[in-house]
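Following: one structure in structure tokens, then a few remarks.
Derivation of every value follows stated rules applied to the coordinates shown; laboratory data play no part. None of the values given here were measured: they were computed from a predicted structure. We place every Cβ from the backbone using ideal geometry, glycine too, and count neighbours over all the protein chains shown.
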Amino acid sequence: MGEGTSRQSETEIDLPALGREVIERYIRENIKTADQRAMFFLVASVVILAFLITRNAPMAWFYGPKLWLFRDLVSLASVMGLTASATLMLSVLNPNRKGASLAIICREKYRALRWGFRIGAVAAFLALFYLILATRSHHVVYHRY
């Protein structure tokens, strides 16, 4: 009977270790997916920011707030939101979580990704709204008093 148990133990698979390996691979794939999504949303945020800047969205900010129009407030909110979104996406791409488990890293990445996406979506909508407002009143000239 002693020989039968030794043969059986040689062919048995260590299920807890195999399960751990599968779970770690699954979490690593989710982390990779979070990084890819964060990179996509980061690039989108930067492109929209660049577009707003080329459309002179922040131009009125250099004058006193008393001279600002509604569209200037919308552009300010949009640029701030896109900047916050890009910052959150960078935090997803550059985790500084030494000593944390893979599950905690994955959870934190997806939390930042969700908030960055939500803020970025609202900011992108505000950017579109600003562009609509700017095309309707593009003949406004700012004067310093």
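In order along segment 37-51, the phi-based Karplus estimate (6.51 cos²θ - 1.76 cosθ + 1.60, θ = phi - 60°) of 3J(HN,Hα) comes to 5, 4, 5, 4, 5, 5, 4, 4, 5, 5, 5, 5, 4, 4, 5 Hz; Gly and Pro are listed as x.
Please label the shape of segment 14-136 as rounded, prolate or oblate, based on the square roots a ≥ b ≥ c of the eigenvalues of the alpha-carbon gyration tensor (a/c under 1.5 means rounded; beyond that, a/b larger than b/c means prolate, else oblate). Prolate. In order along segment 61-76, phi translates into HN-Hα couplings of 5, 7, 9, x, x, 5, 8, 6, 9, 4, 5, 5, 5, 5, 5, 4 Hz, rounded to whole numbers, per the Karplus curve 6.51 cos²θ - 1.76 cosθ + 1.60 with θ = phi - 60° and x for Gly and Pro. For segment 69-127, which trypsin sites (Lys or Arg not before Pro) are both in a DSSP coil and crowded by at most 12 other Cβ atoms within 10 Å? Hits after loop and neighbour filter: 97, 98. Of the chymotrypsin sites (Phe, Trp or Tyr not before Pro) in segment 44-96, the ones in a loop by DSSP (not H, G, I, E or B) with at most 15 other beta carbons within 10 Å are 63, 68. For segment 125-131, 3J(HN,Hα) computed residue by residue from phi via the Karplus equation (6.51, -1.76, 1.60; θ = phi - 60°) reads 4, 5, 5, 4, 4, 4, 5 Hz, glycine and proline entered as x.
What FRET efficiency do you get for residue 136 and residue 115 if R0 is 25 Å and r is their Cβ-Cβ distance, rounded to the nearest 0.05? That pair, residue 136 with residue 115, gives E of 0.20. The distance linking segment 59-123 with segment 22-52 is 14 Å (Cα centroid to Cα centroid, whole angstrom).
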